[in-house]
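Nothing in this text is a laboratory measurement; each read-out follows from the coordinates by a stated rule. Just so it is clear, the model here is predicted, and its values are computed rather than measured.
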Amino acid sequence: MTELYATAIFIFTLFALLGGSVWIGMALMGVAWVGMELFTSRPAGDAMVTTIWSGASSWTLTALPLFIWMGEILYRTRLSEDLFRGLAPWMRFLPGGLLHTNIAGCTIFAAVSGSSAATLNMVGKMSIPALRERGYPEYMIIGTLAGAATLGLMIPPSLTLIVYGVTVNESITKLFMAGVLPGLVLAGLFATYIIGWHYFGKGARPAPEPRMSFGAMLSESRFLVPVLGLVFVVIGSMYMGLATATEAAAVGVLGALGLSLLQGSLNWKSFSVSLMGATKTSAMIALILMGAEFLSLSMGFTGLPRAMATLIESYNLSPVALIAVLTVFYLILGMFMDGLSSVVLTMAIVEPMIRTAGIDVIWFGIFLVVVIETAQVTPPIGFNLFVLQGMTRHEISYIAKTAIPMVGLMLLMVVILVAWPELATWLPNSVRPQG
């Protein structure tokens, strides 16, 4: 009964604070404070200071602001425009034409951003005007962009995977490697959808793109080289064991600064704006993680995570059945809460469940990201939907309708991960140890 009372108190306090427009990180701290005062004799203030400091001073967490800053630099300079210019010549001959630039652009920028919103902003501001001008259907432009932008959560460097790794004390480098193949498979599913629309969809198709010589295509491709080179350096250094995630992030920041300086688009304004943007985002995430650390400690005193794990174990659910239940749970939670908050709020309870069920923690991180990706384009609080609404001025209901096929493909990706778990575990197991 103690666990039941504790659960009711935690939930009531959390929703009361969130309903009062309290910041998520502060709301988590408030819930933890109530739990410490009610269920333990340990001074809440002393516990909060100690726990928050240990959670915020993690060396692993230093990769987070660095990767955010790298993405901000690329977003604020002309490198983002060059990415679209270099991709367009190679996409024009595929079935579906330049719609594939949404998929390819999001895939590449996801590998240097780590943020779904940054990926959506960067690719969207380039592709939406260009595709509209060429007569592509509006619902295909918006739908494919909404789905493909979520790749920023999976393809390394992923901010969500960093937060998940810190929360469950797992290797960030291995989590990054685990996201590569599933991310590419999901991008392939999106591209297949565009090809299917080209051959079987209703309505007129835009006019074919004008012919371009092979030499001209190669000439335009030179704009891709800087960003692709940065991607290979960052991911390759981690895979080869030459750098940790934090060290690779530092190299990525230096590389992004160097490339934008050589390109001539780095000035004091773009530098300061990118730095402040990264600082604000990092501070927001750090505050959430501090609250989550304190909440985990408070819940530990109540025995709630252990009781929940024991309850799940008593049902004798198979790992597949548990994954099905958690899929529904995170989809519902993601409709009302952003992805990072969903992770830090639930892992204190979910982690013991998955470990008890024998589910690989690395694999579960990738599964979790796919489900959170799905929630990013699911009403009523699908974050990507609101970003697209601001960019296109369409009603949120229209944007959500265009993203329905993408939601179906992401749920299919969950099935693929369950059927072939090696898709997420093979690459991290092959990562060379550092040194």
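Check cross-link reach from residue 280 to the lysines: straight Cα distance under 25 Å, and skip same-chain residues fewer than eight apart.
Filter leaves 125, 269.
Compare 165, 277, 365 in a GNM of the chain, Cα atoms joined below 10 Å, and give the one with the largest fluctuation.
Fluctuation is largest for 277.
For the stretch 230-300 and the stretch 187-216, what is the separation of their Cα centres, given in Å?
35
At 0.692 mPa s and 37 °C, plugging the Kirkwood radius over alpha-carbon pairs of the chain into Stokes-Einstein gives what diffusion coefficient in µm²/s?
It comes out at roughly 146 µm²/s.
If the cut-off is a Cα-Cα distance under 18 Å, which lysines reach residue 401, setting aside same-chain residues fewer than 8 apart in sequence?
Within reach: 202.
Could you work out the per residue convex hull volume over the alpha carbons of the stretch 163-280, in cubic angstrom?
Each residue corresponds to 213 Å³ of Cα convex hull volume.
Determine the shape class of the stretch 1-41: with a ≥ b ≥ c the square roots of the Cα gyration tensor eigenvalues, call it rounded for a/c under 1.5, and otherwise prolate if a/b is greater than b/c, oblate otherwise.
oblate
For the chain, what does -39500 (n - 2.57) per DSSP helix run (n ≥ 4), summed and divided by total residues, give at 222 nm, in deg cm²/dmol to the nearest 500?
Mean residue ellipticity at 222 nm (helix-derived): -25500 deg cm²/dmol.
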